[in-house]
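One structure is given here, and the rest of the page talks about it.
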Amino acid sequence: MYSFKFKNGDVLELKGIKHAAFASQETHCYEASVYFNGKIIGWVNNDGYGGSDTFNAKEPFKENNTTWNLLESRIAEEHPKYFMEWDKSWNKMTLEIWCCDQVNKFLATKDFNRYMKSKVVFIKPDEPKAIRYFSFKGVRSITKQHIDHIKSKYPTYQILNDMPKAEALDLWVSCNA
């Protein structure tokens, strides 16, 4: 889920993401393991104070962080560019931005799972970019009966709980971006 596949089939992954919301000020305070083709090559972290990510290479990749530098140039070449809203520019992907995107996906998935378990989550047709939800007093886990009740009352609503998980998650992420 938190991976990028290069054109030649190589795979870069972020695994074991740990996020500390209380310590996240300017940036995400997190740490994660970095895998390349299924093997751990090091760890990436950020202290949450607005500074850059730090990569600590695992032996034998330590020498001058050559693996990290190689991945940095490959991801800039092969990953689609990303859009910066504040200055309306398209930019080449960096490994640091890619890691931040993976942490954002991780956090969005966590929120998504929490909401989908205990609420009926929907999108109104007149507000296609807004996630809304119904909760039921005293209910910890939503059942098909809860979903069907909302569907019968509001047939035009797009109910995320009633969609394939991947499709619903994509909508959740796009609305919360």
Checklist entry - Is there a residue in segment 150-161 that is small (Gly, Ala, Ser), surrounded by fewer than 14 Cβ atoms within 10 Å (Cβ to Cβ), part of a helix (DSSP H, G or I) and modelled with pLDDT of 90 or more? => result yes
Item to check | Odd one out for LYS129, checked against (1) open to solvent by 50 Å² or more (accessible area, probe 1.4 Å); (2) without any contact (Cβ under 8 Å) to a residue 40 or more places away in the chain | outcome: (2)
Item to check | Criterion: touching a strand residue (DSSP E or B) at 6+ places or on another chain (Cβ under 9 Å) and under 20 Å from GLY9 (Cα atoms) - qualifying residue of LYS81, LYS39 | outcome: LYS81
Checklist entry - Condition test on ALA166, is it surrounded by 12 or more Cβ atoms within 10 Å (Cβ to Cβ), of a type in the set (Gly, Ala, Ser) and under 16 Å from the mean Cα position of the chain (by Cα)? => result no
Next on the checklist: Just to be sure before I move on: is LYS105 on the phi > 0 side of the Ramachandran plot and of a type in the set (Lys, Arg) in the structure I sent?
Outcome noted: no
Checklist entry - For segment 96-117, which residues satisfy the criterion of being within 23 Å of ASP148 (Cβ to Cβ) and open to solvent by 30 Å² or more (accessible area, probe 1.4 Å)? => result ASN113, ARG114, TYR115, MET116, LYS117
Checklist entry - Which residue pairs have Cβ atoms under 8 Å apart, sit 6 or more places apart or on different chains, and have a first residue in segment 85-96 that is under 17 Å from PHE4 (Cα atoms) and assigned to a loop (DSSP other than H, G, I, E, B) and a second that is of a type in the set (D, E, K, R) and open to solvent by less than 100 Å² (accessible area, probe 1.4 Å)? => result THR94/GLU72
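So in segment 1-58, with the set limited to residues that are in a loop (DSSP other than H, G, I, E, B), among the polar types (S, T, N, Q) and in contact (Cβ under 8 Å) with a residue 12 or more places away in the chain, which one is most open to solvent (accessible area, probe 1.4 Å)? I'd like the intermediate steps shown before the answer.
Step one: list which residues in segment 1-58 are in a loop (DSSP other than H, G, I, E, B), which gives 1-2, 6-10, 20, 24-28, 37-38, 48-53, 58.
From the residues that got through so far, the ones that are among the polar types (S, T, N, Q) too are 8, 24-25, 27, 37, 52.
Those still in the list that are in contact (Cβ under 8 Å) with a residue 12 or more places away in the chain too: 24-25, 27, 37, 52.
Numbers: SER24: 34, GLN25: 126, THR27: 44, ASN37: 76, SER52: 82 Å².
It comes out as GLN25.
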Checklist entry - If you go through segment 114-125 one residue at a time, do you hit one that is within 22 Å of CYS29 (Cβ to Cβ) and either assigned to a loop (DSSP other than H, G, I, E, B) or out of contact with any Gly (no Cβ under 7 Å at 6 or more places or on another chain) (or both)? => result yes
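The values are calculated or read from the model by the stated rules, or taken from the named source; none is laboratory data. Bear in mind the structure is a predicted one, so any value in this text is a computation, not a measurement. With ideal geometry, Cβ positions are generated from the backbone for all residues, glycine too; neighbour counts draw on all protein chains shown. The protein model used for the area step is the full one, side chains on, heavy atoms only, and it has no ligands, DNA or RNA in it. Shrake-Rupley method; radii C 1.70, N 1.55, O 1.52, S 1.80 Å.
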